[in-house]
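Let me begin by presenting the structure, written as structure tokens, before commenting on it.
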Amino acid sequence: MRTSKRYVILASIALLAALDMVLGWAVWPPVFVAGAVGLVYVLHRAAQARRSTPGAKPLASSQSPEEEVPAWAPAVARKPAPNDPVGLIETMLAQGRYALLLRPQIARTLGEDQFHRALHALSEGTALVPEGEVIMGPMDQRPEDGAPESDELAARAPRVVRVEPLFLDRYPVTNRQFYEFVAAGGYNDPALWDGAMLPAVLDFVDQTGQPGPRLWKGGCYDPAKEDHAVVGVSWCEATAYSRWVGKRLPTDAEWVKAGSWPVSLAVGSRSQRRYPWGDAMDRTRANLWGSGPKGTVPVTAFAGGVSVGGVYQLIGNVWEWMRGSYPPPDATEAGWIFETPLKSIRGGAFDTYFDTQATCQFQSGETAIARKHNIGFRCAVGVCDLLLARSAEDGAAAASIQVYLPEEVPA
Amino acid sequence: MSRDMIVPLESYRLARYVVPIPCYVCGEDNIFDAEYCRHCLAPMALAHQAASQKVQPRMVAAVGATAVGKTVFLGMLIDMLSRQPERVQLMARGAFSITLQQSTMAALARCQFPQKTPNEPDRWNWVHCELRRSRREVPLDLIVPDMAGEAIFEEVEHPRSYRVITAYLKKCAGAMILVDAVGLQEASSDHEYFAMKLISYLVELNEEGKPGWSRRPVALIFTKADQCEECLADPGAFAKSHASRLWQLCQERFAFHRFFASGVAGACAWRQTRRDGRVHMPLRVEPVGIVEPFLWLLERIETRRSRSK
């Protein structure tokens with residue numbers, strides 16, 4: 001409407017200018033000049049308006065949406081020169097791929113300084129979840145009116161799962177972090193994606209048709225949401241990103257253990273929290289429906305909801321993709337009929353309405369290729385998968401070893 | 001002796017029976033202690049509350065096909081408005097007005113949809129509430145029933161088979177017509193045809209001294225839009241592309257209408273249970289687009305009322 005109004009105004013001015021020119025030609029030359037200037041102005045503004053109108057300039061047939069240049073683009077980690085292992089390690093540290101550098105095969109080849117920097121990045125970015133047992137299942141649900149059948153009740157019985165020690169990201173993956181993956185060509189690297197999912201990868205584009213999360217534009221995120229959790233990513237994209245940084249998605253049991261922080265009081269007796277901060281809901285500690293700005297917030301917000309181990313926003317802000325399925329295959333709950341298998345999500349989001357659906361134990365599901373506005377993820381890596389201390393020989397040998405990382409393995 | 005004491009009291013009670021109490025919905029006379037109107041089966045509590053509190057509640061209808069999500073929509077709407085008082089604060093009048101909210105929320109919190117609304121009008125949940133708005137000084141009283149979809153279908157197919165629906169819709173100041181977005185997306189024309197029937201039925205309902213439905217505000221709400229992102233992004237465009245006949249009919253019949261999209265469940269799944277057979281279950285609750293159509297409707301109703309004054 002606004003555009004058409006603008007065109008009407010411009011057309012009126014053009015008409016007046018043309019009349020002015022005709023009149024000036026016949027009566028007084030200066031009037032003609034004024035009319036000509038008016039006409040040029042109108043043509044200029046019309047061209048401007050056409051350029052600024054969305055869809056006014058269609059893409060040339062040879063121009064793909066991928067070639068569109070985003071309005072702005074954040075600086076990404078410098079791409080290393082070929083055969084420059086030091087530069088490559090620096091790039092990977094800048095990209096947040098320290099977990100990959102700390103893999104035993106690679107960590108032994110790092111210089112002392114690089115190794116310590118990778119370790120420092122690990123301790124800054126992740127929290128240690130100790131090994132132990134965690135109770136899975138809706139242990140706190142009581143049968144109410146319309147209670148399920150007895151076999152269902154039996155199926156819902158809590159079960160104990162053992163968890164190995166792991167490092168869990170302190171924060172959900174942010175837009176800025178995910179941008180590194182996109183800019184590094186993560187969507188074009190088949191090694192990062194499951195073979196069965198490859199056809200779907202072509203459909204993982206943003207609003208302008210470029211590879212990236214669904215809500216991005218021009219291959220880039222909204223600059224105001226740089227440190228917000230990335231959303232609009234499928235389980236496949238989350239898995240690919242995790243592989244790229246040398247981590248993986250957490251299992252349900254690992255995630256619940258990080259949030260509910262179980263403590264064994266005696267043999268067969270455990271204390272396990274309902275929320276990371278305790279057993280009672282406190283909406284000032286989590287970004288849920290009615291307690292936040294009706295959208296995502298920076299990943300460092302709601303610090304009051306941090307878990308005992310120092311993990312932020314396990315509850316609220318965005319649902320988080322888990323590694324496993326929904327419902328878990330080892331659960332005895334039967335009767336679910338899914339058109340497509342679902343992946344597990346946990347934690348609740350900014351639009352989660354009920355307190356009971358924003359607990360450490362609550363589990364929901366979504367299809368692996370769904371790209372919802374309120375689902376993000378965080379990564380995990382097992383302690384046993386990393387080299388956290390090196391012998392003196394490792395450091396000495398590092399100088400003489402050539403480093404090859406996944407993207408630069410010689411043929 | 002004791003018998004003599006009772007007679008005057010009963011006479012007094014009998015005297016009250018002589019004074020008829022008109023039903024607030026159909027206007028027919030009832031005895032003073034009737035629980036439901038003997039003509040239309042609307043609760044007489046509505047009439048008693050209107051008389052005792054000296055208010056004239058306005059009426060808004062939520063209508064649609066069976067299983068379109070009327071109960072979930074209304075229960076969610078009432079709960080949201082009573083939880084967040086920033087723009088509109090809803091307060092129930094009478095204990096019976098909380099039943100719909102209570103039963104719907106209890107079911108959704110358990111990841112279940114509420115039970116199907118029975119067809120019998122005397123088993124429907126009615127909500128009489130007071131709405132306080134931040135911008136307006138005078139609160140608004142509102143009556144909204146949770147009518148059964150099958151009863152609405154029966155009334156539309158055979159007018160006046162449900163007297164309470166006829167009388168209620170005649171008196172309504174506006175309506176929310178709910179249409180299943182998923183059904184439309186799957187190219188099922190039944191949902192569109194039923195909405196068209198409903199619109200045609202409404203347009204033919206007229207009450208003396210009241211403007212017809214063509215001049216009353218109507219919000220057309222696509223439900224289950226959480227499973228249909230296209231609908232959520234632009235309900236008007238969705239209506240034009242997936243329900244063009246409905247869209248065209250609305251353009252012709254209603255002077256004040258708008259399309260909305262709403263959703264309550266973030267995701268749903270089917271489950272086979274021994275007791276109820278195959279049931280649809282919400283996997284989580286993430287309301288979207290619930291309050292907006294209602295606020296738009298209120299705004300239009302208020303505008304009309306202020307103009308008529």
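Read-outs: derived from the displayed coordinates by stated rules, not from any lab. Just so it is clear, the structure is predicted and the values come from calculations on it, not from any experiment. Every residue, glycine as well, gets a Cβ built from its backbone with ideal geometry; the counts of neighbours run over all protein chains shown.
For region A:80-386, what does the relative contact order come out to in percent, with C-alpha contacts under 8 Å and a separation of six or more? Intermediate results must be reported in sequence, preceding the final value.
Numbers: 610 pairs, mean separation 65.7, N = 307.
It rounds to 21 percent for region A:80-386.
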| request: Apply the Karplus parameterisation 6.51 cos²θ - 1.76 cosθ + 1.60, with θ equal to phi minus 60°, to every residue of region A:303-308 and state each ³J(HN,Hα) to the nearest whole Hz, in sequence, with x for glycine and proline. | output: 5, x, x, 5, 7, 4
| message | Out of the trypsin sites (Lys or Arg not before Pro) in region B:203-303, which ones are loop residues according to DSSP with at most 10 other C-beta atoms within 10 Å? | response | B:Arg275
| What FRET efficiency would be calculated for the residue pair B:Ala67, A:Lys217, taking the C-beta separation as r and a Förster radius of 35 Å, to the nearest 0.05? | 0.40
| task | Taking the Cβ of each residue in B:Glu157, B:Glu137 as the centre, tally the other Cβ atoms inside 10 Å and list the residues starting with the fewest. | result | B:Glu137, B:Glu157
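B:Lys54 to B:Glu252: FRET efficiency via 1/(1 + (r/R0)^6), r the Cβ-Cβ distance, R0 35 Å, to the nearest 0.05?
Values: r = 40 Å, r/R0 = 1.15.
The pair B:Lys54/B:Glu252 has a calculated efficiency of 0.30.
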| Fluctuation leader among B:Arg135, B:Arg163, B:Arg87 - chain B, Gaussian network, Cα springs under 10 angstrom | B:Arg135
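Summing +1 for each Lys or Arg and -1 for each Asp or Glu, what net charge is found among the other residues whose Cβ lies under 11 Å from the Cβ of B:Pro114? Each step should come with its number before you reach the end.
Working: positive: B:Lys70, B:Arg110, B:Lys116; negative: B:Asp146.
That sum, taken over residues with Cβ under 11 Å, equals +2.
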| task | Would you please name the GluC sites (Glu not before Pro) within region B:163-220 that are DSSP coil residues with at most 14 other C-beta atoms within 10 Å of their C-beta? | result | B:Glu186, B:Glu207, B:Glu208
| note | Pseudo-spin-label distance B:Thr99 to B:Asp33, built 7 Å along Cα→Cβ, given in nm, is 2.0
| remark: In nanometres, the difference between 0.36 nm per residue of separation and the alpha-carbon distance of A:Thr208 and A:Val263 is 14.9 nm
| remark: Counting only residues 5 or more apart in sequence or on a different chain, those whose built amide H sits under 5 Å from that of A:Arg323 are A:Thr251, A:Asp252
| said: For a quick check: with amide H placed at 1.01 Å from N, whose amide H comes under 5 Å from B:Asp141's, ignoring anything fewer than 5 positions away on the same chain? | reply: B:Arg58, B:Leu131
| remark: Sorted by chain and then number, the residues having a modelled amide H within less than 5 Å of the amide H of A:Ala127, at least 5 places away or on another chain, are A:Leu168, A:Asp169, A:Arg170
| remark: Cα-Cα longer than 27 Å, checked against A:Lys343/B:Lys224; A:Lys294/B:Lys240; A:Lys343/B:Lys70; B:Lys70/B:Lys171; A:Lys247/A:Lys343; A:Lys247/A:Lys372, kept in input order, equals A:Lys294/B:Lys240; A:Lys343/B:Lys70
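In debye, nearest 20, what is the charge dipole magnitude of chain B about its Cα centre with +1 on Lys and Arg Cβ and -1 on Asp and Glu Cβ, if you could check? It would help to have the intermediate numbers written out before the result.
On the way: 40 positive and 35 negative charges, 133 e Å.
Once rounded to the nearest 20, the dipole reads 640 debye.
Which of the three applies to region B:55-308, rounded, prolate or oblate, going by the alpha-carbon gyration tensor with a ≥ b ≥ c and a/c under 1.5 meaning rounded? Walk me through the intermediate numbers first.
On the way: a/c = 1.34, a/b = 1.13, b/c = 1.18.
Rounded.
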| Rounded Å value of the spacing that divides the Cα centres of region B:174-230 and region B:264-300 | 18
| note | With the 8 Å Cα cutoff and a minimum separation of six or more residues, region B:55-308 has a relative contact order in percent of 20
| task | Place +1 on the Cβ of every Lys and Arg and -1 on the Cβ of every Asp and Glu in region B:239-297, take the dipole about the Cα centre, and give the residue among B:Pro293, B:Ala265, B:Leu246 whose Cα lies farthest towards its positive end. | result | B:Ala265
| task | Going by C-beta contacts inside 10 Å, put A:Val263, B:Val203 in order with the fewest on the left. | result | A:Val263, B:Val203
